[in-house]
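S.K.: A single structure is presented below for examination.
Derivation of every value follows stated rules applied to the coordinates shown; laboratory data play no part. Computed from a prediction, not measured in an experiment: that's the story for all the values here. No Cβ is skipped: glycine too gets one built from the backbone with ideal geometry, and neighbour counts run over all protein chains shown.
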Amino acid sequence: MSDLLHKPLLQYLARLAPSSQLTMRYILQDAADRLGFVDCDIADVPWHRLEPGHVIGLVAALRSDDYAPNTSSLYVNAVRGVMNEAWRQGLIDHEQLLRIREVKPATGTRLPPGRNLRRSLIRELMEVCAADPRPQGVRDAAIIALLYGTGMRKSESVDIDLAQVDFAGRSLQVVGKGNRQLVKYAPAWAFEKLQAWLDLRRAQLGEGEADDEFLFNRIRRGNHITRARITKHAIYYIARQRGAQVGVKIMPHDFRRAFITRVIEEHDLSIAQKLAHHANIQTTAAYDRRDDNERRRAVDRFDY
């Protein structure tokens, strides 16, 4: 506890969600290495001694290494976060904090990552899961159905408890970014996949054994359904493995992108924003992955 109170970096990380802590710790470690503290524990780096020139040099180094502008922003925001804590602890004055805040990350944009997963591809994924005789096939179909059918993040799908699922209302309570409790709605077919998985899991229980409190289990080699909750890394592996079976590279977040894109196509941007639980509608717009063929058809209509 004493380290937490006297080290601004630890104080900054303590304010973040666990998933964000991992990301920011990695970023700050790389930033410390670039600033010359290669052999130093990042909690022991004298962050409060940073001057604007150090941060400007960090931004220049990231630009030289062709880091995307968004990544540069992450680095600058992480350093600012630590310096805010240094100011709160009285290690720097307000003037130094303002001078650090004046340093801007690299400007510019990059084409957004990820892809849109067409409905035909979702059907193919369901088919390969159905053809898998192992319990993984039923479980993976349920996971994909929820990711695509609700647009939830992989971390949200991992953390769902059974008590948070309303089968009658076809909804699920999740804790999203910013520790916000959200309600996600899923189509009937997604709940059918989920029910099939729960039926299979419960059939494996011994007499008198209670069902697990969480939704998705780890499955060991030998097709043994454990009593342990699935991990985010496993969700990543499932997306990659099932994608490879249909010849497509898939990341878990692609299901969220596909969900938002489909809502935009079939309804409008404002409905998509509400279902994605985005505070800013521009964030929702950035998820639009309607393919190049649609844009090309729009341009082809411009006859002279």
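S.K.: Normalised by the number of residues in region 2-101, what is the relative contact order in percent for Cα pairs under 8 Å and 6+ residues apart? Working shown, then result.
M.R.: Working: 77 pairs, mean separation 35.3, N = 100.
Value for region 2-101: 35 percent.
S.K.: I'd like the trypsin sites (Lys or Arg not before Pro) in region 89-193 restricted to DSSP loop residues with at most 12 other Cβ atoms within 10 Å, sorted by number. Let's see the in-between values first.
M.R.: Working: sites: Arg99, Arg101, Arg110, Arg115, Arg118, Arg119, Arg123, Arg139, Arg153, Lys154, Arg170, Lys177, Arg180, Lys184, Lys193; in loops: Arg110, Arg115, Arg118, Arg153, Arg170.
Filter output for region 89-193: Arg110.
S.K.: Next question, about the same structure. Positive end of the charge dipole of the chain (Lys, Arg +1 and Asp, Glu -1 on Cβ, about the Cα centre): tell me which of Gln21, Gly176, His94 has its Cα farthest that way.
M.R.: The Cα lying farthest towards the positive end belongs to Gly176.
S.K.: So what does log10 I(q)/I(0) come out to for the chain at q = 0.08 Å⁻¹, using the Debye formula with one equal point on every Cα and no solvent?
M.R.: -0.49
S.K.: A further question follows. Could you size up the charge dipole of region 119-291 around its Cα centre, putting +1 on the beta carbon of Lys and Arg and -1 on that of Asp and Glu, and report it in debye to the nearest 20?
M.R.: Working: 28 positive and 21 negative charges, 127 e Å.
For region 119-291, the charge dipole is close to 600 debye.
S.K.: If you place +1 on the Cβ of every Lys and Arg, -1 on the Cβ of every Asp and Glu, and leave all else neutral, what size is the dipole of region 2-101 about its Cα centre, to the nearest 20 Debye?
M.R.: Working: 10 positive and 12 negative charges, 72 e Å.
Charge dipole of region 2-101: 340 debye, to the nearest 20.
S.K.: Would you mind ranking Arg218, Arg256 so that the residue whose beta carbon has the fewest other beta carbons within 10 Å leads the list?
M.R.: On the way: Arg218 14, Arg256 21.
In order of increasing Cβ crowding within 10 Å: Arg218, Arg256.
S.K.: Additional query: May I ask you to derive the relative contact order of the chain, considering only C-alpha pairs under 8 Å and at least 6 residues apart, and to give it as an integer percent?
M.R.: Working: 349 pairs, mean separation 46.8, N = 304.
Taking the mean separation of contacting Cα pairs over the length of the chain, I get 15 percent.
S.K.: Moving on. Just to be sure I understand the curve: with the Debye formula and one point per C-alpha of region 119-291, what is log10 I(q)/I(0) at q = 0.13 Å⁻¹?
M.R.: After summing over all Cα pairs, the log10 values are -0.63.
S.K.: What do the square roots of 5 times the Cα gyration tensor eigenvalues come to for region 1-154, in whole Å, largest first, as semi-axes of the equivalent ellipsoid? The partial results should precede the final answer.
M.R.: On the way: eigenvalues 340, 77, 35 Å².
Taking √(5λ) for each eigenvalue gives 41, 20, 13 Å, largest first.
S.K.: Kyte-Doolittle cut-off -0.5, length cut-off 15 Å along the helix's own axis using Cα: show which whole DSSP H helices in the chain pass. Before the final figure, lay out each step's value.
M.R.: Values: long enough: 18-34 (24 Å, -0.62); 52-64 (18 Å, 1.02); 69-88 (28 Å, -0.38); 119-130 (16 Å, 0.48); 135-150 (23 Å, 0.64); 188-203 (22 Å, -0.24); 232-245 (20 Å, -0.84); 252-266 (22 Å, -0.59).
Those that pass (Cα extent of 15 Å or more, hydropathy at least -0.5) are 52-64, 69-88, 119-130, 135-150, 188-203.
S.K.: Roughly speaking, what is the stretch gain from Ser19 to Asp166, that is 0.36 nm per residue apart minus the C-alpha to C-alpha distance, in nm to one decimal?
M.R.: On the way: separation 147, 0.36 × 147 = 52.92 nm, distance 2.64 nm.
This chain segment gains 50.3 nm when fully extended.
S.K.: Kindly flag which residue pairs out of Lys7/Lys249; Lys249/Lys274; Lys193/Lys274 have an alpha-carbon separation exceeding 30 Å in this structure. Mind showing how you got there, number by number?
M.R.: Numbers: Lys7/Lys249 42 Å; Lys249/Lys274 28 Å; Lys193/Lys274 25 Å.
Over 30 Å apart, Cα to Cα: Lys7/Lys249.
S.K.: Quote the FRET efficiency, to the nearest 0.05, computed for Asp41 versus Arg240 with a Förster distance R0 of 35 Å and r equal to the Cβ-Cβ distance.
M.R.: E between Asp41 and Arg240, to the nearest 0.05, is 0.55.
S.K.: Sticking with this one: With springs only between Cα atoms under 10 Å, which of Gly208, Gly176, Gly90 fluctuates most in a Gaussian network model of the chain?
M.R.: Judging by the Gaussian network model, the answer is Gly208.
S.K.: Relative contact order for region 119-291: what is it in percent, counting Cα pairs under 8 Å that are at least 6 residues apart? Could the numbers behind the result be given before it?
M.R.: On the way: 227 pairs, mean separation 41.1, N = 173.
For region 119-291, the relative contact order is 24 percent.
S.K.: Starting from 0.36 nm per residue, how many nanometres of slack lie between Lys104 and Ala61 once their C-alpha separation is accounted for?
M.R.: Numbers: separation 43, 0.36 × 43 = 15.48 nm, distance 1.36 nm.
Here the segment from Lys104 to Ala61 would lengthen by 14.1 nm.
S.K.: Still on this model: Would you mind ranking Phe167, Phe216 by Cβ crowding within 10 Å, fewest neighbours first?
M.R.: Numbers: Phe167 11, Phe216 24.
The most exposed by this proxy come first: Phe167, Phe216.
S.K.: Using the Cα centre of the chain as the reference point, and only Cβ charges (+1 on K/R, -1 on D/E), how large is the resulting charge dipole? Debye, rounded to the nearest 20.
M.R.: Dipole about the Cα centre, nearest 20: 520 debye.
S.K.: Considering the chain as a Gaussian network with a 10 Å cut-off on Cα pairs, which listed residue, Leu35, Leu162, Leu147, attains the greatest mean-square fluctuation?
M.R.: Sorting by GNM fluctuation, first place goes to Leu35.
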